[in-house]
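The values are calculated or read from the model by the stated rules, or taken from the named source; none is laboratory data. Everything quoted here is computed from the prediction, not taken from an experiment. Cβ placement follows ideal geometry from the backbone for every residue including glycine, while neighbour counts extend to all protein chains displayed. For accessibility, only protein heavy atoms count, side chains too; no ligands or nucleic acids. Shrake-Rupley method; radii C 1.70, N 1.55, O 1.52, S 1.80 Å.
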Amino acid sequence: MDFKMEKNWIKKIRTIAAALTWSLFLAAVGVGAGAFNREKRQIIQVIQIEKPKVALTFDDGPNKKYTPALLNELGKRGIHASFFLMGKNIPGNEKLVQQMQKEGHLLGNHTYNHVELDKIPVAQARTEVERTSNEIYKITGVYPQYVRPPFGAWPKNFDLLVTMFPVLWDVDTLDWKSKNVDCIMRLVRSQVKDGSIILMHDGYQTSVDAAVQIMDELLERGYEFVTVDQLLIM
């Protein structure tokens, strides 16, 4: 058999194989059309009932007095939050940091001294972040990937310098300012939506009390609480 004839036979075999494959596909669709439609309806239903998601975040800790109470309330509800830690507050609170990690919360960086990163030299800003990351690493064995810049101040291209992701927010509870549960709840109710990142602090009893109300109310409204990394990659 010469090369040209062999080539023609290969083409014929491929054509026959393709035709058989297509026939089998059509037969399968025809026979299983009902099952296919049922599966399609189920997929649509799953998409329709997916819960709205929200991330509860806390800055400035760990706090020896209020963070344990907050962790207790989160644990009761099986909720994971995101804690952005200040480096200067970590010494003496190592066990709290270990508890946060063990219980599945995200540990982030909130600089060492709560400074505005765009108001100081770049080298100093880098030290503020790296010093806190090193403190967290010494306790957990993991370098944090996310940083919450105090006051939302983030120098241009700073994420490339420290190789971390800045995390801001869209619901500012102003809990540090009002120290009033009702005021905090009014702000959350008026601003929260699917995909929201809620900013709070774990340094006040009113913040703990408000966080409990936020969790219970949003759970009742069908929200799912996730950590910021889960929210940002969706």
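Do we have any residue at all in region 84-103 that's at pLDDT 95 or above, closer than 22 Å to Gly222 by Cα, surrounded by 12 or more Cβ atoms within 10 Å (Cβ to Cβ) and not basic (Lys, Arg)? Looking through region 84-103, none of the residues is at pLDDT 95 or above, closer than 22 Å to Gly222 by Cα, surrounded by 12 or more Cβ atoms within 10 Å (Cβ to Cβ) and not basic (Lys, Arg). If you go through region 209-219 one residue at a time, do you hit one that is closer than 17 Å to Gly87 by Cα, at pLDDT 95 or above, part of a helix (DSSP H, G or I) and open to solvent by less than 70 Å² (accessible area, probe 1.4 Å)? No; the residues of region 209-219 include none that is closer than 17 Å to Gly87 by Cα, at pLDDT 95 or above, part of a helix (DSSP H, G or I) and open to solvent by less than 70 Å² (accessible area, probe 1.4 Å). The criterion of at least 2 residues that are of a type in the set (Lys, Arg) and out of contact with any strand residue (DSSP E or B) (no Cβ under 8 Å at 6 or more places or on another chain) is met by the following helices (runs of 4 or more DSSP H) wholly inside region 71-188: 94-102, 122-140. Within region 149-203, the residues that satisfy the criterion of being without any contact (Cβ under 8 Å) to a residue 40 or more places away in the chain, among the charged types (D, E, K, R) and open to solvent by 20 Å² or more (accessible area, probe 1.4 Å) are Lys156, Asp159, Asp170, Asp172, Lys177, Lys179, Asp182, Arg186, Arg189. Going through (1) closer than 16 Å to Tyr143 by Cβ; (2) touching a residue at least 40 places away in the same chain (Cβ under 8 Å); (3) aliphatic (A, V, I, L, M) one by one, Met100 falls short only on (2).
Are any residues in region 150-172 within 17 Å of Asp229 (Cβ to Cβ) and in contact with a Pro (Cβ under 9 Å, 6 or more places away or on another chain), and if so, which ones? Answer for region 150-172, where residues must be within 17 Å of Asp229 (Cβ to Cβ) and in contact with a Pro (Cβ under 9 Å, 6 or more places away or on another chain): Asp159, Met164, Pro166, Val167, Leu168. Every condition in (1) closer than 18 Å to His114 by Cα; (2) among the charged types (D, E, K, R); (3) not in a helix (DSSP H, G or I) holds for Lys193 except the one numbered (1). Return yes or no: is Asp229 part of a helix (DSSP H, G or I), open to solvent by 10 Å² or more (accessible area, probe 1.4 Å) and in contact (Cβ under 8 Å) with a residue 24 or more places away in the chain? For Asp229, the condition - part of a helix (DSSP H, G or I), open to solvent by 10 Å² or more (accessible area, probe 1.4 Å) and in contact (Cβ under 8 Å) with a residue 24 or more places away in the chain - is met. Scoring Glu128 on the criteria (1) in contact with a Phe, Trp or Tyr (Cβ under 8 Å, 6 or more places away or on another chain); (2) within 18 Å of Val228 (Cα to Cα) leaves a single failure, condition (2).
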